[in-house]
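The values are calculated or read from the model by the stated rules, or taken from the named source; none is laboratory data. No experiment lies behind these values; they were computed from the predicted model shown. Note: ideal-geometry Cβ built from the backbone for every residue, glycine included; neighbour counts use all protein chains shown. Remember, those area values only see protein heavy atoms, side chains included, never the ligands or the DNA or RNA. Shrake-Rupley method; radii C 1.70, N 1.55, O 1.52, S 1.80 Å.
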4 protein chains.
Amino acid sequence: MRQALLIVDMINPFDFAGGAALLRAARPAARRIAALQRRFRDNRGLVVYVNDNFVDWKGGFADIVACCGRDGMPGADIVALLAPGPEDRFVLKPRHSGFLDSPLELLLRQLRVRRLVVCGIAADSCILVTAHDAHMRGFEVQVPRDCVAAQTAARRDRALALMRDAFDVDIRTSRAIRFQ
Amino acid sequence: MRQALLIVDMINPFDFAGGAALLRAARPAARRIAALQRRFRDNRGLVVYVNDNFVDWKGGFADIVACCGRDGMPGADIVALLAPGPEDRFVLKPRHSGFLDSPLELLLRQLRVRRLVVCGIAADSCILVTAHDAHMRGFEVQVPRDCVAAQTAARRDRALALMRDAFDVDIRTSRAIRFQ
Amino acid sequence: MRQALLIVDMINPFDFAGGAALLRAARPAARRIAALQRRFRDNRGLVVYVNDNFVDWKGGFADIVACCGRDGMPGADIVALLAPGPEDRFVLKPRHSGFLDSPLELLLRQLRVRRLVVCGIAADSCILVTAHDAHMRGFEVQVPRDCVAAQTAARRDRALALMRDAFDVDIRTSRAIRFQ
Amino acid sequence: MRQALLIVDMINPFDFAGGAALLRAARPAARRIAALQRRFRDNRGLVVYVNDNFVDWKGGFADIVACCGRDGMPGADIVALLAPGPEDRFVLKPRHSGFLDSPLELLLRQLRVRRLVVCGIAADSCILVTAHDAHMRGFEVQVPRDCVAAQTAARRDRALALMRDAFDVDIRTSRAIRFQ
């Protein structure tokens, strides 16, 4: 079964209320996501960046990466860790969920993806609604708990428990992910 | 600002795993919803039943109400409490969220509704995703905590806290709802 | 390959500008559709009524059939010809296209339908946009030219030619439809 | 009433069957669109490029413009005429209609756009379905007949007449467009 790694909102200016706390929590998650991304690339898995559009539809993902990775930007170290490669796909999302008003579902169906591994920030916001939207659209969903972050660990754990109990989401760590 | 009361999945056969526990928790919520529904009707508010379609698109909401309200059905007392009236609207939803693959958003926009009061079951499943979808589509959202239920009180409270913290949902009790 | 017959807007009050001309053109099409519907039922094909919702989400398809089939209603003879059976499905559409803000696509995918035979009225309006939406969503589409009608034959033929030339729609008559 | 100019698929490799005929017809339309685009910019109107994504979600609009505008590409002269400016928006569409699986509707609503002027290619394909989708979503729609092209003039005129008769689309030439 073909699976895709969705990297949600990790290319980020962290310029909102609570951004500093989220950035601190996002750094260890970013290292785990980078390791997982290498495993996907090594195993011909699909990597899709699903990212907020900070550029008001006047620019593209390349502009967002350049802007957030600039010297002095708070999340520049994460951009360096998670720089997109030539085979990676990306989808700009205008709302919290990667599936709303975006081509994500169509892209995944055309590539015959059936299982999604959803990583990134924030666990109780964009990750949660993207995972739920994926579940409602019939995808198998994993949200490896070491690859997501929220403003507090309590908010992260609450969201993970909810996804597991109410939507059958697999929340084991990224070590449990297998490639056939 | 025009508001609508969404009554989610209260017309229900309760024939699934965990259905008995959910039914026990749903009964007190049903009484609060019935009182709130009277207030909406008295104040020319809009009431919309947003309900799962158990009839495989071969029947309509009237068939679902008849089936779930039949003598001996576990949730028949709730159907009696929450019987739809001639001015109420209804939308059959094929997935957890009332907004997915349904005319709900269009119906609400045509009626110039801006604020939604989301009630029903289950707090950590259909209520949660419907509330999130409403928030992402720009509606103001209230989920009165005395008008929702889940299989356990802990699951209900976890979902309510998450909606409040991550999506600015107003979770005060139904007594806080005002009509202008 | 599983196919479905979509019967679009034939349950109709014909109470709009141009309704009388459309009704005259719809009658011969209705007889062809009725014959085709029998073939679908005999061959275990799927029949889906895709119909405008004249009841403002306060009623269901049964109410629409009852209302349009009442004695003295202009299209009552068509309702009699095309009365829905117990195995037929129906989807109420709020806009011209059967796919917009409706569960139609999900219903068809769950039933593993790949080919659609789109019939009904009006050829240059609801039929056209429903056929185009089906094509864009990856379905194979047939619009048998003897099973659709428009306010004038010229408008019908213009729409059929456009669908054939620009969207690869098969517009041969209903005799060309095969069941495996 | 705020209006937007949608420029559909004019940034194009013209590498498909019928591409040469479409390119010949697109050139005079491109000059009219360029003039209209200047008027929109001068009048603080909104310009949105709505373009096919030839880059399989591995690149963005900038890559598409660079690729199609390269020396020797058949439509490079059109790219030069219609080069996007810093204030223009763009939306990549994965299907024929600009509204399907894209953020276009949300973008237009956030910018409070009510009227759309749809230009580009092909008149009987992407223009037609984009105009119909806009009409069904409640926008006022103009398709200035001197600013669209199809593989033949007959196919263009057939599509224009259909939009006018069945969907109330204003098909007068671009000279009829007014700015308040």
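Of everything listed in (1) farther than 30 Å from B:Ala166 by Cβ; (2) of a type in the set (A, V, I, L, M, F, W, C); (3) part of a helix (DSSP H, G or I), the single unmet condition for B:Phe54 is (3).
Yes or no, residue by residue, for (1) modelled with pLDDT of 95 or more; (2) assigned to a helix (DSSP H, G or I):
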{"position": "D:Phe16", "(1), (2)": "no, no"}
{"position": "D:Arg24", "(1), (2)": "yes, yes"}
{"position": "D:Ala34", "(1), (2)": "yes, yes"}
{"position": "D:Val50", "(1), (2)": "yes, no"}
{"position": "D:Lys58", "(1), (2)": "no, no"}
{"position": "D:Ala66", "(1), (2)": "yes, yes"}
{"position": "D:Gly85", "(1), (2)": "no, no"}
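In segment D:42-79, the residue that is surrounded by the fewest Cβ atoms within 10 Å (Cβ to Cβ) out of those that are within 14 Å of chain A (Cβ to nearest Cβ) and of a type in the set (D, E, K, R) is D:Asp56.
Cβ-Cβ contacts under 8 Å between residues 6 or more apart (or on different chains), taken from a first residue in segment B:34-47 that is in contact (Cβ under 8 Å) with a residue 60 or more places away in the chain and on the phi < 0 side of the Ramachandran plot to a second residue that is in a helix (DSSP H, G or I) and open to solvent by less than 10 Å² (accessible area, probe 1.4 Å), are listed as B:Leu36/B:Cys147; B:Leu46/B:Phe40. Of the residues making up segment C:136-166, those that are touching a Leu at 6+ places or on another chain (Cβ under 9 Å), within 12 Å of chain D (Cβ to nearest Cβ), within 30 Å of A:Leu108 (Cβ to Cβ) and surrounded by fewer than 23 Cβ atoms within 10 Å (Cβ to Cβ) number 2.
Looking for something farther than 21 Å from B:Ala35 by Cα and of a type in the set (A, V, I, L, M) - is there at least one such residue anywhere in segment B:166-175? The answer is yes, given that some residue of segment B:166-175 is farther than 21 Å from B:Ala35 by Cα and of a type in the set (A, V, I, L, M).
Can you confirm whether D:Ala123 is away from chain A (no Cβ under 14 Å), touching a strand residue (DSSP E or B) at 6+ places or on another chain (Cβ under 8 Å), buried (at least 24 other Cβ atoms within 10 Å of the Cβ) and part of a loop (DSSP other than H, G, I, E, B)? Yes, satisfied. Residues that are more than 22 Å from B:Val113 (Cα to Cα) and hydrophobic (A, V, I, L, M, F, W, C) within segment B:16-46 comprise B:Phe16, B:Ala17, B:Ala20, B:Ala21, B:Leu22, B:Leu23, B:Ala25, B:Ala26, B:Ala29, B:Ala30, listed in sequence order. Summed over segment D:81-120, residues that are more than 9 Å from chain A (Cβ to nearest Cβ) and within 26 Å of A:Ser97 (Cα to Cα) total 10.
Residues that are of a type in the set (D, E, K, R) and in contact with a helix residue (DSSP H, G or I) (Cβ under 9 Å, 6 or more places away or on another chain) were ranked within segment D:96-120; the one that is most open to solvent (accessible area, probe 1.4 Å) is D:Arg114.
Matching residues to (1) out of contact with any Cys (no Cβ under 9 Å at 6 or more places or on another chain); (2) closer than 30 Å to B:Thr130 by Cα:
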site	(1), (2)
A:Arg24	yes, no
A:Gly45	yes, no
A:Cys67	yes, no
A:Ala76	no, no
A:Val91	yes, yes
A:Glu105	yes, yes
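Evaluating D:Val129 against the criteria (1) aliphatic (A, V, I, L, M); (2) touching a strand residue (DSSP E or B) at 6+ places or on another chain (Cβ under 9 Å); (3) buried (at least 24 other Cβ atoms within 10 Å of the Cβ) leaves one unmet condition, (2). Can you name the residue in segment C:141-160 that is among the small types (Gly, Ala, Ser) and under 18 Å from the mean Cα position of the chain (by Cα) and, of all such residues, is nearest to C:Leu6 (Cα to Cα)? Checked segment C:141-160; the qualifying residue nearest to C:Leu6 (Cα to Cα) is C:Ala149.
All conditions but one from (1) free of Cβ contacts under 8 Å to residues at least 60 places away in the same chain; (2) touching a strand residue (DSSP E or B) at 6+ places or on another chain (Cβ under 8 Å); (3) open to solvent by 20 Å² or more (accessible area, probe 1.4 Å) apply to B:Arg175; the one that does not is (2). Scanning segment D:1-22 for residues that are open to solvent by less than 80 Å² (accessible area, probe 1.4 Å) and farther than 20 Å from D:Thr173 by Cα gives D:Ile11, D:Asn12, D:Pro13, D:Phe14, D:Gly18, D:Gly19, D:Ala20, D:Ala21.
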